[in-house]
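Heads up, the thing below is written out as structure tokens.
The values are calculated or read from the model by the stated rules, or taken from the named source; none is laboratory data. Remember, it's a predicted structure, so these values are computed and weren't measured experimentally. Glycine also receives a Cβ, built like all others from the backbone with ideal geometry; neighbour counts cover every protein chain displayed. For accessibility, only protein heavy atoms count, side chains too; no ligands or nucleic acids. Shrake-Rupley method; radii C 1.70, N 1.55, O 1.52, S 1.80 Å.
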Amino acid sequence: MKYRLLLLFVLIGSLTVSAQFDNPLYDPLLAESLGGDDYGMKSYMLVILKTGTAEIEDKQIRDNLFQGHIANIVRLAKEGKLVVAGPLSKNDKNYRGIFILNSTTKEEAEILLQSDPAIKEKVFETEIYKWYGSAALPTYLPNHEKIEKKKM
């Protein structure tokens, strides 16, 4: 009898620990506006930028491509298509940076990436992966503008 009672307490305890509960702070309008699922998450496309095959010796052309690359990042962010962008430190895989795109398909991501002149001209090559993260991720961008001392 003691063992049955103990087993019953263990079973009830395990159900209680694994049970999900409603969040009292949940904002359904915000969740819907950001495309969040029941867990506040959504799918994005993670892009890894790698050193490409182009060998551009002309400094002016290279500089123009990088200026276009930065301008494209700014444009895509303003359009809500680019959520995160940033360079990576030097590494043995020739990874140069990452993007997190606010898109759900590889095809859409590839179309967005072709608007980047440095990618189009093969200065960068890309690897694209589906990534599941917080739907609130895009909300950091307005705060970033408040803390960046110098604009790109």
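Summary table below
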| quantity | calculated |
| --- | --- |
| Residue selected from the range 90-114 under the condition aliphatic (A, V, I, L, M) and out of contact with any Gly (no Cβ under 7 Å at 6 or more places or on another chain), by the criterion most open to solvent (accessible area, probe 1.4 Å) | 111 |
| Hits in the range 135-152 - residues which are part of a loop (DSSP other than H, G, I, E, B), over 18 Å from the mean Cα position of the chain (by Cα) and not charged (D, E, K, R) | 152 |
| Candidates 117, 87, 138, 142 - the one that is free of Cβ contacts under 8 Å to residues at least 60 places away in the same chain and either of a type in the set (A, V, I, L, M, F, W, C) or open to solvent by less than 50 Å² (accessible area, probe 1.4 Å) (or both) | 117 |
| Given (1) loosely packed, with under 13 Cβ neighbours inside 10 Å; (2) part of a loop (DSSP other than H, G, I, E, B), index of the condition residue 132 fails | (2) |
| Which listed residue, of 37, 58, 27, is modelled with pLDDT of 85 or more, of a type in the set (Asp, Glu), open to solvent by less than 100 Å² (accessible area, probe 1.4 Å) and within 27 Å of residue 91 (Cα to Cα) | 58 |
| Residue identified as under 23 Å from residue 38 (Cβ atoms) and either modelled with pLDDT of 95 or more or of a type in the set (S, T, N, Q) (or both) among 143, 102 | 102 |
| The range 95-114: number of residues that are over 14 Å from the mean Cα position of the chain (by Cα), of a type outside the set (A, V, I, L, M, F, W, C) and more than 16 Å from residue 83 (Cβ to Cβ) | 5 |
